[in-house]
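A.B. asks: If you scroll down you'll find the structure; I have some questions about it.
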Ligand SMILES: [Zn+2]
């Protein structure tokens, strides 16, 4: 399973993992549970979706420090993607950029 933005959004069902909001992908951000400033890494079990409001509220703190509760523990998904990412047809440069944004393997 590629550790990509798209797959994190799928794993978390486009839902903020703190408040349960589903504001749409434009309004969701990737949150590092343990902030990078505190040694957190980019990995399946340290990255969750957070809405803008929760992201702002949490800032560079752990959930404990921010007194925020994760709805479920983030884990590497065990499911298989419905289709392989490379089968996505690239129809235009902007689509390509968009696909790259969503599918690129994030640095762990
Ligand atoms: Zn939220």
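A.B. asks: In region 50-63, is there at least one residue being within 12 Å of the ligand (Cβ to nearest atom), surrounded by 14 or more Cβ atoms within 10 Å (Cβ to Cβ) and within 10 Å of the chain's Cα centre (by Cα)?
C.D. replies: Yes; the residues of region 50-63 include at least one that is within 12 Å of the ligand (Cβ to nearest atom), surrounded by 14 or more Cβ atoms within 10 Å (Cβ to Cβ) and within 10 Å of the chain's Cα centre (by Cα).
A.B. asks: Got a sec? Which helices (runs of 4 or more DSSP H) wholly within region 34-106 have at least 3 residues that are within 18 Å of residue 2 (Cα to Cα), at pLDDT 95 or above and touching a strand residue (DSSP E or B) at 6+ places or on another chain (Cβ under 7 Å)?
C.D. replies: none
A.B. asks: If you don't mind, another one. Sort out which residues of region 1-13 are in contact with a helix residue (DSSP H, G or I) (Cβ under 7 Å, 6 or more places away or on another chain) and surrounded by 15 or more Cβ atoms within 10 Å (Cβ to Cβ), and write them in order of number.
C.D. replies: Those that are in contact with a helix residue (DSSP H, G or I) (Cβ under 7 Å, 6 or more places away or on another chain) and surrounded by 15 or more Cβ atoms within 10 Å (Cβ to Cβ): 4, 5, 6, 9.
A.B. asks: Considering region 29-45 alone, what residues qualify as being surrounded by 13 or more Cβ atoms within 10 Å (Cβ to Cβ), without any contact (Cβ under 8 Å) to a residue 40 or more places away in the chain and more than 12 Å from residue 17 (Cα to Cα)?
C.D. replies: 34, 35, 40
A.B. asks: Could you look through region 14-28, keep only residues that are at pLDDT 95 or above and not in a loop (DSSP other than H, G, I, E, B), and pick out the one that is surrounded by the most Cβ atoms within 10 Å (Cβ to Cβ)?
C.D. replies: Looking at the filtered set, the residue picked out is 28.
The values are calculated or read from the model by the stated rules, or taken from the named source; none is laboratory data. All of these numbers come straight from a predicted model, not from anything done at the bench. Counting neighbours? That spans all protein chains shown, and the Cβs are built from the backbone with ideal geometry, glycine included.
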